[in-house]
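Below is one structure, written out as structure tokens; comments come after it.
The values are calculated or read from the model by the stated rules, or taken from the named source; none is laboratory data. In this text the structure is predicted, and so the values were computed from the model without any measurement. A quick note on method: Cβ atoms are made from the backbone with ideal geometry, for glycine too, and the neighbour counts reach across all protein chains shown. These area figures cover heavy atoms from the full protein model, side chains too; ligands, DNA and RNA do not enter into them. Shrake-Rupley method; radii C 1.70, N 1.55, O 1.52, S 1.80 Å.
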Amino acid sequence: RYRSRMENGDATASLGIFMNYDHQGDGILIDEIIEGGPLDKAKFDIKKGMIIEKIDGETVTPDNDVAKYLNRKADQFTLLEIRDPKTQKVEVITMKPISLRTENRLLYKRWVNTNRLEVEKASDGKIGYVHIPGMSDGPYRNVYDKMLGKYADKKAMVIDTRFNGGGDLV
């Protein structure tokens, strides 16, 4: 494998949201706030449909890639100006964007939860769902813990191995 390292390369941070790419005009229209992300805090009253108009005092314009405003901001205090189009109320908050690696972990949890809810709904709660991300000791024990604990009353289990990273479980 080859991996190049750029001393001062880009390192885009994330606000932990899904943005609406069809939004016209300035700002970032929030489609969803990722559970556990930096904007998913009780002290923030941020909701779907709000618009992030400024990041660190700079207006977010459609002629610039959003990554420009978030470059090298992971774990750094960042000022957001957010407007609620329904009330026109503008709120200024300080938060810390997360790294893309951290966001990927949150997206994994979201994906597992979405699958779990789908299985529960389709089976009227009779079938449990677990995803085993790898075949090493930790994930294996975690799956057994859920199956014999949280899902002990289920009639069957879906054990999802998609995107399983493999491992050395014998």
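Structural remarks
- When the C-alpha to C-alpha distance is required to be over 31 Å, the pairs from Lys96/Lys154; Lys47/Lys126; Lys48/Lys96; Lys86/Lys126 that qualify are Lys96/Lys154; Lys47/Lys126; Lys86/Lys126.
- Using alpha-carbon coordinates, inclination of helix 137-148 to the longest axis of the chain, degrees: 70
- Cβ-Cβ FRET estimate between Ser99 and Lys48, R0 fixed at 35 Å, reported to 0.05: 0.90
- Surface composition of region 1-121: carbon and sulfur make up 47 percent of the accessible area, probe 1.4 Å.
- Put Val130, Val119 in order of accessible area, highest first, and with a 1.4 Å probe you get Val119, Val130.
- Taking the DSSP beta bridges with both ends in region 76-170, the antiparallel portion is around 55 percent.
- In this simple spin-label model, placing a label point 7 Å from the Cα along the Cα-to-Cβ direction at both Asp22 and Asn113 gives a separation of 2.5 nm.
- Å² per residue, accessible surface of the chain at 1.4 Å: 68
- In order through region 13-30: 3J(HN,Hα) via Karplus (6.51 cos²θ - 1.76 cosθ + 1.60), integer Hz, x for Gly, Pro: 8, 10, 8, x, 9, 9, 9, 8, 6, 8, 4, 9, x, 5, x, 10, 7, 7
- Contact order relative to length of the chain, as percent, for alpha carbon pairs under 8 angstrom and 6 or more apart: 18
- DSSP loop trypsin sites (Lys or Arg not before Pro) with at most 16 other Cβ within 10 Å excluded, longest remaining stretch of the chain: 90-125
- Dividing the C-alpha radius of gyration of region 120-170 by 2.2 N^0.38 Å, with N its residue count, gives 1.19.
- Globularity ratio of the chain, using Cα Rg and 2.2 N^0.38 Å: 1.30
- Sequence of Glu35, Glu118 from largest to smallest accessible area, 1.4 Å probe: Glu35, Glu118
- Phi angles of region 57-71 translate, via the Karplus equation with coefficients 6.51, -1.76, 1.60 and θ = phi - 60°, into HN-Hα couplings of x, 9, 5, 7, 10, x, 7, 10, 5, 4, 4, 4, 6, 10, 5 Hz per residue; Gly and Pro are given as x.
- Full extension of the chain between Asp40 and Thr61 gives 5.1 nm of extra length, using 0.36 nm per residue less the Cα-Cα distance.
- Charge dipole (region 30-117, unit charges on Cβ, about Cα centre) - positive-most of Phe77, Val60, Leu117: Leu117
- Contact order for region 1-66, expressed relative to its length and based on alpha carbon pairs under 8 Å spaced 6+ residues apart, stands at 28 percent.
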